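These notes concern the structure reproduced below.
The values are calculated or read from the model by the stated rules, or taken from the named source; none is laboratory data. Nothing here was measured: the structure is a model prediction, and the numbers come from that model. Don't worry about glycine lacking a Cβ; one is built from the backbone with ideal geometry, like all the others, and counts go over all protein chains shown. Protein only, heavy atoms only, side chains kept; ligands, DNA and RNA dropped before computing areas. Shrake-Rupley method; radii C 1.70, N 1.55, O 1.52, S 1.80 Å.
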Amino acid sequence: MKIRRGWTAAVAAVLMAVPLILFLGPAAGPAAASSGVCGSSSHPALATRISRDILAARSGRVSFVAVTVDDPGLGLACRLGSTLHFYSASVVKVTILGVLLRKAQEQHRFLTQTENALAWAMITRSDNNAASALWADDGRFYLQHFLNLAGMTNTILGPGGVWGLTLITASDETLLLRLLLRPNTVLSTASRDYALNLMAHVIPSQRWGVPAGAPTSLTVHVKNGWLPLATHGWHVHSIGCFTGHGGGYSIVVLTLDNPTMAYGIATIEAIARAINRDLNPAATARVPASVISPSWETPDEPVPAQS
């Protein structure tokens, strides 16, 4: 494996070591599935139905997936491969935003005009230069500080400035979305509202994934990531939360081993449609499947050259 000039030795080490972590994932999948994906003491029938439908949606797909669903209003939680590691690609940008907001809170200030502009670009159109600038400005101390406060103990920051090689788990991403949906001591109400507003304004060509099948009456807050690597093909992820439904709920779907970006999106949307349908059975108008965009099959960030 060769690393393009300008990438640090730390990146090479991560790319060599992480595939061993990811390799453990598929072996763990069937065991997780056999014990049931979802649970709810107050809605056991619903939990059983969603468990069945998640497994049916991923059946026959070559994608390896991790799925979490969190609906506190229904007392429902779904966990499939939720502690397995994936390269983050651009979904880490929500974490970068959370760090920025927490840092500003601790400094007792509002975001600057520059920070506002960078945050808007980073989330709404997945701008990489904006993400790199904020990652550098946040700094390693505050990045790790935020993860500690959020309880995201399984998230491993990418080396140096390589935010897209951060290791994430579906479980930690659920904790992150929970910070946005419910009052907590990490992010203020103003910070939560700010982040959710940005995620509600992601450009149309990037609003694929977990919104599929959601009632159009809900507000969808989404962030996606897509990254091809020599190891495990395309890594395609979608995280999002939905408001206007009780206290709101969240869905995280992380995937790898996708032959193409479009294939990964189709896998995610099949799972998301099943979940959104089961959580909102009375909905009469739903978010349709995504239409293939010309931007698909183009990495959403620079990646190391590999051979």
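Show me the helices of the chain, taken as full DSSP H stretches, that run 30 Å or more along their long axis by Cα and average 0.0 or above in Kyte-Doolittle hydropathy. Long hydrophobic helices here: 9-34.
Accessible area per residue for the chain in Å², computed with a 1.4 Å probe and the full protein assembly in place, what is it? Could the numbers behind the result be given before it?
Details: 12200 Å² over 307 residues.
Averaged over the residues of the chain, the accessible area is 40 Å².
Within the chain, the cysteines lacking any other cysteine Cβ closer than 4.7 Å to their own Cβ are CYS241. Once Rg and Dmax of the Cα atoms in Å is calculated for the structure shown, the corresponding label among (i) 20.9, 71; (ii) 19.7, 66; (iii) 18.2, 56 turns out to be (iii).
Summing Lys, Arg as +1 and Asp, Glu as -1, what charge do residues with Cβ under 14 Å from the Cβ of ALA266 carry, ALA266 excluded? Can you show the working numbers first?
Details: positive: ARG58, ARG61, ARG273; negative: ASP257, GLU269, GLU297.
The answer is 0.
So, with a 1.4 angstrom probe, what is the percent of accessible area on the chain that is carbon and sulfur? The partial results should precede the final answer.
Details: 7430 of 12200 Å².
The nonpolar share, carbon plus sulfur, comes to 61 percent.
In terms of its C-alpha gyration tensor, region 106-229 comes out rounded, because the ratio a/c of the largest to the smallest axis stays below 1.5.
Between the residues ALA200, SER295, ALA283, the greatest Cα displacement towards the positive end of the dipole of the chain, with unit charges on the Cβ of Lys, Arg, Asp and Glu, is found for ALA283. Putting +1 on Lys and Arg Cβ atoms and -1 on Asp and Glu Cβ atoms, find which of HIS43, ALA266, LEU118 reaches farthest to the positive end of the dipole of the chain. So the residue furthest toward the plus end is HIS43. In the chain, which longest range has no trypsin sites (Lys or Arg not before Pro) that are both DSSP loop (not H, G, I, E or B) and surrounded by at most 16 other Cβ atoms within 10 Å? The longest such stretch corresponds to 126-307.
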